[in-house]
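Colleague: Pasting a structure below so you can have a look.
The values are calculated or read from the model by the stated rules, or taken from the named source; none is laboratory data. Bear in mind the structure is a predicted one, so any value in this text is a computation, not a measurement. Here the Cβ positions follow ideal geometry from the backbone for every residue, glycine too, while neighbour counts run over all protein chains shown.
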Amino acid sequence: MFRVIENLPEDVLGIGLHGKITHEDYVDGIIPMFEEKLEKHRPLRVLTLINPNFEGFEIAAMWDDVTYGLKHWGDISHIAVVCDGPSWIKSSVALFAPFFPGEVRSYDMEEMGIAREWISDPKSLAA
């Protein structure tokens with residue numbers, strides 16, 4: 001499941017991941033949220049909080065993530081990933097980052113405030 005992270009600028013989408021992410025989470029929630037934001041803001045900035053109880057993605061949800069991500073590859077300029085989860089998550093972020101056309105940064109949970117500040121402040125994005 002997921003939760004929206006509130007109190008972010010209009011051009012930032014914040015998503016907290018909990019438990020297992022399902023195909024229904026994507027179809028009924030995540031994709032419509034992205035679409036709504038993208039109607040008003042391009043490029044979009046994304047803050048993803050991967051909570052300690054995150055269990056991963058169903059196969060169909062992984063496919064949703066990949067296909068939607070490729071469709072909107074150039075529509076996202078910055079991604080901040082916050083987690084203290086398994087090392088495979090941080091390794092995946094580090095592996096993916098060089099191929100992304102925008103900037104990707106990862107943060108530990110205790111750095112959530114720094115991540116919010118970076119993703120929210122257009123001036124800090126240039127730094």
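Colleague: Collect the residues in segment 18-34 that are of a type outside the set (Asp, Glu) and either crowded, with 19+ Cβ neighbours inside 10 Å or assigned to a loop (DSSP other than H, G, I, E, B) (or both), keeping them in residue-number order.
Modeller: Here is the first cut: in segment 18-34, the residues of a type outside the set (Asp, Glu) are 18-23, 26-27, 29-34.
Correct list: His18, Gly19, Ile21, Thr22, Tyr26, Ile30, Phe34.
Colleague: What are the pairs, 6+ residues apart or on separate chains, where a residue within segment 104-121 that is under 14 Å from Thr48 (Cβ atoms) has its Cβ under 8 Å from a residue that is hydroxyl-bearing (Ser, Thr, Tyr) and assigned to a strand (DSSP E or B)?
Modeller: Ala115/Tyr107
Colleague: Here's a check for you: in segment 35-77, which residue that is among the acidic types (Asp, Glu) and not in a helix (DSSP H, G or I) is surrounded by the most Cβ atoms within 10 Å (Cβ to Cβ)? Give the steps one after another, and end with the answer.
Modeller: Of the residues in segment 35-77, the ones among the acidic types (Asp, Glu) are 35-36, 39, 55, 58, 64-65, 75.
Then keep just the ones that are not in a helix (DSSP H, G or I); that gives 55, 58.
Working: Glu55: 12, Glu58: 16.
The selected residue is Glu58.
Colleague: Consider Ala80 carefully, then state whether it is over 27 Å from Pro9 (Cβ atoms) and either in contact with a helix residue (DSSP H, G or I) (Cβ under 7 Å, 6 or more places away or on another chain) or in a helix (DSSP H, G or I) (or both).
Modeller: Values: over 27 Å from Pro9 (Cβ atoms): no; either in contact with a helix residue (DSSP H, G or I) (Cβ under 7 Å, 6 or more places away or on another chain) or in a helix (DSSP H, G or I) (or both): yes.
Criteria not met by Ala80.
Colleague: Do we have Met112 as at pLDDT below 95 and closer than 21 Å to Ile21 by Cβ here?
Modeller: no
Colleague: Filter segment 1-46 down to residues that are touching a residue at least 40 places away in the same chain (Cβ under 8 Å), under 21 Å from His78 (Cβ atoms) and in contact with a Phe, Trp or Tyr (Cβ under 6 Å, 6 or more places away or on another chain), then give me how many there are.
Modeller: 0
Colleague: Another question about this same structure. From (1) farther than 16 Å from Ile15 by Cβ; (2) surrounded by 13 or more Cβ atoms within 10 Å (Cβ to Cβ), pick out the condition that doesn't hold for Pro101.
Modeller: The number of the failed condition is (2).
Colleague: Quick check: is even one residue across segment 62-82 over 21 Å from Trp118 (Cβ atoms), touching a Lys or Arg at 6+ places or on another chain (Cβ under 7 Å) and not aromatic (Phe, Trp, Tyr)?
Modeller: no
Colleague: Let me ask another. What are the residues in segment 93-125 that are over 13 Å from the mean Cα position of the chain (by Cα) and among the hydroxyl-bearing types (Ser, Thr, Tyr), if any?
Modeller: Ser120, Ser124
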